[in-house]
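Chemist: Quick one: the structure is below, and I'll ask about it shortly.
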Amino acid sequence: MTLRATARGTDRPPFEPGERADVLICGASFAGLAVARELAGTDADVLILDRYEIGERATSACAVPTPWMAAMGVEGAARQELPGMSFSTPHGRARYRLPWSWTAFDYKTLCELLWAQRGLTARFATAVVHGRTGDTVHTDRGDVTAPLLVDAAGWRRVLGDPHVQPPEATLSRGLEVHPHDADGTDLDLWLDRDLIRRGYGWSVPANGERRVGTLSYDPHDHVKEPTRAMARKLEVETVRYQGNWFPHALREATVDGAFCVGDSAGHCFPLSGEGIRTAFYFGIACGREVEAVLEGGQTREQALSNYTDFHERHRPAFTRAARLQRLIPAVPPRLLSLLLRAMGVQPLVDRAFGWYLQQAHPSSADRPADPRASHGRPVEHASHST
């Protein structure tokens, strides 16, 4: 069980009165660390706040398209490369050889590797964010003021009025167990309505550990019993539980002058529930807009507008995936099994999964030869129909 890292008493003193930073990032997971990484070349005072220590609390199966591991310089966190995906229904199984592979990684190691890239002026503190007034963020350790604010703290959106609470929200819910088990070579998914009505089960092998769980697109549906059933199906122990809510709809990219990244902006991709590479992708975009402000290349308002435009250009792809998320659970199981097998033709697999990777492509982590030409904004790849 994960324990909170926030110490008590004299080990956790209040912030100094008038505590300030040039950039304040709320959230020290994938999105927040990606933003900080982009600011490594500046002289700005960047402060990251999180209620947990960096890398302490994983809430996902921790697998990402392998090209993103090299793009972010975190290959040292890899635990197992997964060259294929299988999709099982009560009526059969289809295995796809992907045009790229997945990599299961260690969460703590990956976060530590990202943090090591943040530059010399970024600092971290454990604190619980309660809200904000203008440019001042209120925490359980006191107030911190910064002209540039980033909300990367998850679906609750701590720097704005969230107006979302499960189960009355566009959120999915997932839960998994982590048995010590060496079986498996692929990322395996189960689409079985007797297991989970609207969603899927999964198994992610990670070099001596398996991440086994279930996801429900309907936040009203509980996932503990389905996760236990998934573990029984695979004959593994139900140990080391972890889970979380995550969005399946884009929200606004900014709120009251603050940038929103990752789950705070709804960047978790619908249908797959994948949010790690999109957190990297949009974190890079946000970080480069903030960097341009720090270097005097644009105002905060221009950066907010540019980031919003970037975010909105991806809405059609997210909308398409959301439609599939609604459609697939309604397809009769036998027909779904036939469709999955028909999709297994290699040219179709390459086209579909190529499109999927393009929606948050790892080349976005590359810097142009002259960053001043475009403020180093990520390269966007054209979306093609599947």
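Chemist: Starting at the first residue of region 291-297, write each ³J(HN,Hα) from the Karplus equation 6.51 cos²θ - 1.76 cosθ + 1.60 with θ = phi - 60°, in whole Hz, x for Gly and Pro.
Modeler: Taking θ as phi minus 60°, the curve returns 4, 5, 5, 4, 8, x, x Hz for region 291-297.
Chemist: Here's another thing I want to ask about it. Between region 229-307 and region 6-85, what is the C-alpha centre distance in whole Å?
Modeler: If you average the Cα positions of each part, the centres end up 12 Å apart.
Chemist: Roll a 1.4 angstrom probe over the protein heavy atoms and tell me the percent of accessible area of the chain that is carbon or sulfur.
Modeler: 52
Chemist: Among ASP161, ASP309, ASP221, what's the order by accessible area (1.4 angstrom probe), most exposed first?
Modeler: Listed by decreasing accessible area, they come as ASP161, ASP309, ASP221.
Chemist: For ARG141, what residues show an amide H to amide H distance below 5 Å, using hydrogens built from the backbone and excluding near sequence neighbours?
Modeler: Distant-sequence amide H within range of ARG141: VAL128.
Chemist: Oh, and also: Tally Lys and Arg at +1 and Asp and Glu at -1 over the other residues with C-beta under 15 Å from the C-beta of ASP194: what net charge comes out?
Modeler: +4
Chemist: Using amide H atoms built 1.01 Å from N in the peptide plane, name the residues 5+ places from ARG251, or on other chains, whose amide H lies under 5 Å from its own.
Modeler: Excluding prolines and chain starts, which carry no amide H, the hits are GLY266.
Chemist: Among [x] 123; [y] 133; [z] 208, which one is volume of the Cα convex hull per residue in Å³ computed from these coordinates?
Modeler: Checking each listed value against the structure points to [y].
Chemist: While we're on this one: What is the chain's relative contact order, in percent, from Cα pairs under 8 angstrom and six or more apart in sequence?
Modeler: Result for the chain is 19 percent.
Chemist: Rolling a 1.4 angstrom probe over the protein heavy atoms, how many square angstrom per residue are accessible across the chain?
Modeler: Accessible area per residue: 43 Å².
The values are calculated or read from the model by the stated rules, or taken from the named source; none is laboratory data. This one's a predicted model, so the numbers in the text were calculated from it and none came from an experiment. Cβ atoms come from the backbone with ideal geometry, glycine included; neighbour counts cover every protein chain shown. Heads up: the accessible areas ignore ligands, DNA and RNA and are worked out on the full protein's heavy atoms, side chains in. Shrake-Rupley method; radii C 1.70, N 1.55, O 1.52, S 1.80 Å.
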